[in-house]
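Step one of this worksheet: look at the structure below.
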Amino acid sequence: MKNYLNSFLLLVLMVFHSCAWEGSNIIDQNTSLEETIEKQLQSLDAETSFYAKHLPTGKEISIRADQPMNPLSVIKIPMMILAFQDTENGQFDLDQRYRIRAGDMRGGSGLLQTFTTGLTPTYRDLITQMIITSDNTATDIILNKLTMERVNLFLEENGYLETIVKSSTGDLFRDLRAFSDPAATNLSDREIFELGAPLDPDSHDRSFRFEGDSTKWLGRTTAREMGMLLEQIENAELTSRKSADEMTNILKRQFYSSRIPRFLRGKATVGHKTGDWPPHAGNDVAILYYDGGPSIMAIFTNQNKGDFVELESTIGRIAEELVSRWK
């Protein structure tokens, strides 16, 4: 009887110890998610900022989320929103066609630069390419149509005090050329396009300095404000539900999947927009759709000195961790 009692007590202690360990582990996981993400960000040799929100519960993670960052092509999101808003107000016709001219061509990302001039996509096509392939030719056509002043007024009127468009992509590439050759300031957009990106021996270091110079940025934003903008798209707070759904569907068609979606195949559907200046900067902002979601995630990495492939993998691991923990 004594041996039986001892065995019973030992079993109870083992079960209690197991439950206590599991319970503490669960609490640990819940309370250390921000710490885990911060540790992953600190492993990068880059300036980083991060914001995430679990929309069903309102839980947030903010890591340097109010630090102004170089958004690169992420700044194209408010252009898309204003275009849809203008369409609803009768100021823009997304189905109208635009004939692309030689002077419209822009280098960097995008497919339109590979086509012969004279192509006539609709403005809806241009907005789609501006987002899913980050097409710079499409971006400047849309920005010229909307005007930079109106995009920034839209942002200001909706409470986005740190988010601003500062330049067209054409002017950005001209400024990059002028960084080493001041005479380039007098070149046309077409001439800058035909010259392409500088590839001299000093171009890598010069490109790094250029990316870090806030006076040369395409725009400015914070992780929190860009996260808020995605949340307003998801909740149809800035447009009709129909327009909001079309915008999220465009975001879901993003071509580039080496960051936030990297490890999420079969785990989440990702609607997102990247911003690139490789290997010096790699941004990604997203709405993550999954059981227990959706969640918002915005991550910015500027002035990277480390391995760019590892930077992208780290962003992917953070997204995977977020989806697995925020149910």
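Values in this text are rule-based calculations from the coordinates and carry no lab data. As the structure is a computational prediction, the values presented were derived from the model and not from experiment. Cβ coordinates were reconstructed from backbone atoms using ideal geometry, including for glycine residues, and neighbour counts include every protein chain displayed.
With each label modelled as a point 7 angstrom along the Cα→C-beta vector, the N144-L195 pair spans 1.9 nm. Read through the labelled values (1) 32, 62, 6, 0; (2) 29, 49, 15, 5, 1; (3) 30, 52, 12, 5, 1 and report the label of the one computed as P(r) over Cα pairs in 20 Å bins from 0, in percent from the structure. Checking each listed value against the structure points to (3). Computed about the Cα centre, the dipole magnitude for the chain is approximately 740 debye when only Lys and Arg (+1) and Asp and Glu (-1) carry charge, each at its Cβ.
Here region 98-225 is treated with +1 on each Lys and Arg Cβ and -1 on each Asp and Glu Cβ, and its dipole about the Cα centre works out to around 320 debye. Arranged from fewest to most other beta-carbon atoms within 10 Å of their beta carbon, D93, D284, D125 become D93, D125, D284. Which residues does a label at R317 reach in region 219-263, if reach means a backbone N under 13 Å from a point 7 Å past the Cα toward the Cβ? Counting only backbone N, you get 263.
Give the calculated FRET efficiency between D93 and D205 to the nearest 0.05, with a Förster radius of 35 Å applied to their Cβ-Cβ distance. Using R0 = 35 Å, I get an efficiency of 0.15.
Could you list, in their original order, any pairs among K59/K242; K166/K273; K53/K273; K59/K305; K53/K76 whose Cα atoms are separated by more than 24 Å? Show your work: numbers first, answer last.
Working: K59/K242 27 Å; K166/K273 18 Å; K53/K273 17 Å; K59/K305 32 Å; K53/K76 21 Å.
The answer is K59/K242; K59/K305.
Here is the list for region 242-310: trypsin sites (Lys or Arg not before Pro) lying in DSSP coil, each with at most 16 other C-beta atoms within 10 angstrom of its C-beta, are R253, R265, K267, K305. Between D181 and L161, what is the FRET efficiency for a Förster distance of 51 Å, r being their Cβ-Cβ separation, to the nearest 0.05? Approximately 0.90, to the nearest 0.05.
Give the calculated FRET efficiency between R265 and S214 to the nearest 0.05, with a Förster radius of 56 Å applied to their Cβ-Cβ distance. Using R0 = 56 Å, I get an efficiency of 0.95.
Note: relative contact order over region 69-124, using C-alpha pairs below 8 Å and six or more positions apart, is 35 percent.
Over the chain, what is the mean sequence separation of C-alpha contacts under 8 Å (at least six apart), divided by residue count, expressed as relative contact order in percent? Could you put the intermediate results ahead of the total?
Values: 545 pairs, mean separation 79.6, N = 327.
The normalised contact order for the chain reaches 24 percent.
Note on the chain: dipole from Cβ charges, positive end direction compared against T120, A236, L172; the farthest Cα belongs to A236.
Mind running the shape call on region 206-327? Use the C-alpha gyration tensor, a ≥ b ≥ c as the square roots of the eigenvalues: rounded below 1.5 for a/c, prolate if a/b tops b/c, oblate otherwise. Because a/c hits 1.5 or more and a/b fails to exceed b/c, region 206-327 counts as oblate.
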